[in-house]
Amino acid sequence: MDDGLNIIVCIKQVPETTEVDIDPETGRLKREGVAAVVNPFDEYAVEEGIRLRERYGGTVKVLTMGPPMAEVALRDAVAMGCDEAWLATDRAFAGADTLATSYTPGLCIKKMAPYDLIICGFKTTDGDTGQVGPELAEHLGIPHICYVNEIHNVSNDHIIVTRMLDDGFETLEAPLPALITVTKEINQPRLATLRGRIQARNAEIRTLKSEDIGGNTSKFGLEGSATRVIKVFTPEPPAGGEVVEGSPEELADRILELLVECKVI
Ligand SMILES: Cc1cc2nc3c(=O)[nH]c(=O)nc-3n(C[C@H](O)[C@H](O)[C@H](O)COP(=O)(O)OP(=O)(O)OC[C@H]3O[C@@H](n4cnc5c(N)ncnc54)[C@H](O)[C@@H]3O)c2cc1C
């Protein structure tokens with residue numbers, strides 16, 4: 001780590017609102033005319049990358065796969081302080097499910113090497129699967145740790161972090177290179193400065209197309225997707241239900257009865 005850490009942060013551009021219509025024919029999000037922003041959880045990933053560079057030296061490269069307009073998200077990350085911006089964009093990458101989405105950035109990252117640490121958000125606000133980070137690590141054959149809320153130390157060959165679980169915290173060590181996904185508890189993302197914004201406006205965006213990254217083209221985009229959206233719908237709220245009335249003690253007794261009846265407890 002004499003030259004510092006080689007960090008790659010993966011970000012996704014998402015619609016600014018969660019109220020996005022779905023095309024009933026294709027099952028895809030209708031993104032036309034909807035303002036787009038950096039996935040809010042990825043801002044924590046960018047911030048953590050920059051903080052690690054400030055602590056250990058090195059470079060922070062930011063990568064996204066998306067349409068040409070995703071360049072705007074990359075410029076936002078450069079405005080915060082990333083050193084290099086990489087955009088994977090090609091018609092062949094379109095329509096990807098999470099398997100194909102992680103395959104393509106995996107090839108890009110091999111092009112962007114060397115890398116010690118890859119940082120992702122723990123999920124996006126649109127697809128919301130949280131699958132891309134771990135799948136990316138599998139494609140690269142490196143260890144991953146999800147839901148990281150604190151990085152304690154990074155040395156020449158390993159990283160020590162704490163991650164959040166449903167019922168507590170776990171401190172883990174992984175050899176480098178490794179991938180982590182971070183939660184919003186890890187930091188408070190900085191706002192871009194005016195100077196940063198000006199630099200970002202002129203920053204070079206390194207574009208990667210299908211022919212630049214090699215790999216098996218049948219694993220890209222819709223063709224490489226193992227899943228298909230058959231139907232997208234909002235579930236009907238369950239009908240009926242029982243309104244319980246009475247004193248606090250009666251309410252507690254009846255609710256307990258119902259929970260036992262429904263085998264919830
Ligand atoms: C059959 C099918 C078809 C689809 N077709 C389309 C389509 O045509 N257009 C479309 O926009 N979506 C499409 N999707 C949705 C698409 O699969 C997801 O948006 C994408 O795989 C990312 O998943 P996610 O949003 O759940 O990310 P998550 O797994 O929740 O993301 C976790 C983290 O991974 C990283 N990450 C995620 N996506 C990217 C990215 N693109 N580049 C870099 N880093 C990233 C970020 O750090 C993010 O915080 C389709 C999904 C399916 C199942």
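The values are calculated or read from the model by the stated rules, or taken from the named source; none is laboratory data. Since the structure is predicted, the reported quantities are computational estimates derived from the model, not experimental observations. Cβ sites come from the backbone with ideal geometry, for glycine too, and all protein chains shown count toward neighbours.
Of everything in region 12-61, what is away from the ligand (no atom under 11 Å from the Cβ), surrounded by fewer than 16 Cβ atoms within 10 Å (Cβ to Cβ) and at pLDDT 90 or above? Give them in sequence order.
GLU54, ARG55, GLY57
I'd like to know if region 182-194 contains one or more residues that are surrounded by 13 or more Cβ atoms within 10 Å (Cβ to Cβ) and over 23 Å from THR125 (Cα atoms).
No, because not a single residue in region 182-194 is surrounded by 13 or more Cβ atoms within 10 Å (Cβ to Cβ) and over 23 Å from THR125 (Cα atoms).
Could you give every pair whose Cβ atoms fall below 6 Å, whose first residue belongs to region 105-126 and is within 19 Å of TYR44 (Cβ to Cβ), and whose second residue is among the basic types (Lys, Arg), counting only separations of at least 6 or pairs across chains?
Note: pairs meeting the criteria are THR124/LYS12.
Looking only at residues in region 106-129 that are under 17 Å from PRO143 (Cβ atoms) and within 8 Å of the ligand (Cβ to nearest atom), which one is surrounded by the fewest Cβ atoms within 10 Å (Cβ to Cβ)?
Filtering region 106-129 for residues that are under 17 Å from PRO143 (Cβ atoms) and within 8 Å of the ligand (Cβ to nearest atom), the one surrounded by the fewest Cβ atoms within 10 Å (Cβ to Cβ) comes out as PHE122.
Working only within region 156-187, note down all residues that are within 17 Å of TYR115 (Cβ to Cβ), outside any strand (DSSP E or B) and in contact (Cβ under 8 Å) with a residue 40 or more places away in the chain.
Result: ASN156, LEU176, PRO177.
Within region 137-155, does at least one residue satisfy the condition of being assigned to a loop (DSSP other than H, G, I, E, B), at pLDDT 95 or above, within 16 Å of the ligand (Cβ to nearest atom) and among the hydrophobic types (A, V, I, L, M, F, W, C)? Walk me through it before giving the result.
Residues of region 137-155 that are assigned to a loop (DSSP other than H, G, I, E, B), as a first pass: 141-143, 155.
With at pLDDT 95 or above added as a condition, the list becomes 141-143.
Narrowing the set further to residues that are within 16 Å of the ligand (Cβ to nearest atom) leaves 142.
Checking the rest, the ones that are also among the hydrophobic types (A, V, I, L, M, F, W, C) come to 142.
Scanning region 137-155 turns up at least one residue that is assigned to a loop (DSSP other than H, G, I, E, B), at pLDDT 95 or above, within 16 Å of the ligand (Cβ to nearest atom) and among the hydrophobic types (A, V, I, L, M, F, W, C).
With within 12 Å of the ligand (Cβ to nearest atom) and under 14 Å from the mean Cα position of the chain (by Cα) as the only criterion, which of THR64, THR89 stands out?
THR64
Sort out which residues of region 216-233 are surrounded by 13 or more Cβ atoms within 10 Å (Cβ to Cβ) and among the hydroxyl-bearing types (Ser, Thr, Tyr), and write them in order of number. So that I can check it myself, show each step before the final result.
Of the residues in region 216-233, the ones surrounded by 13 or more Cβ atoms within 10 Å (Cβ to Cβ) are 217, 219-222, 224-225, 229, 232.
THR217, SER225, listed by residue number.
Let me confirm something: among THR234, THR227, which residue is more than 16 Å from the ligand (Cβ to nearest atom), assigned to a loop (DSSP other than H, G, I, E, B) and hydroxyl-bearing (Ser, Thr, Tyr)? Reasoning before the result, please.
On the way: THR227 fails: more than 16 Å from the ligand (Cβ to nearest atom).
Only one candidate passes the filter, namely THR234.
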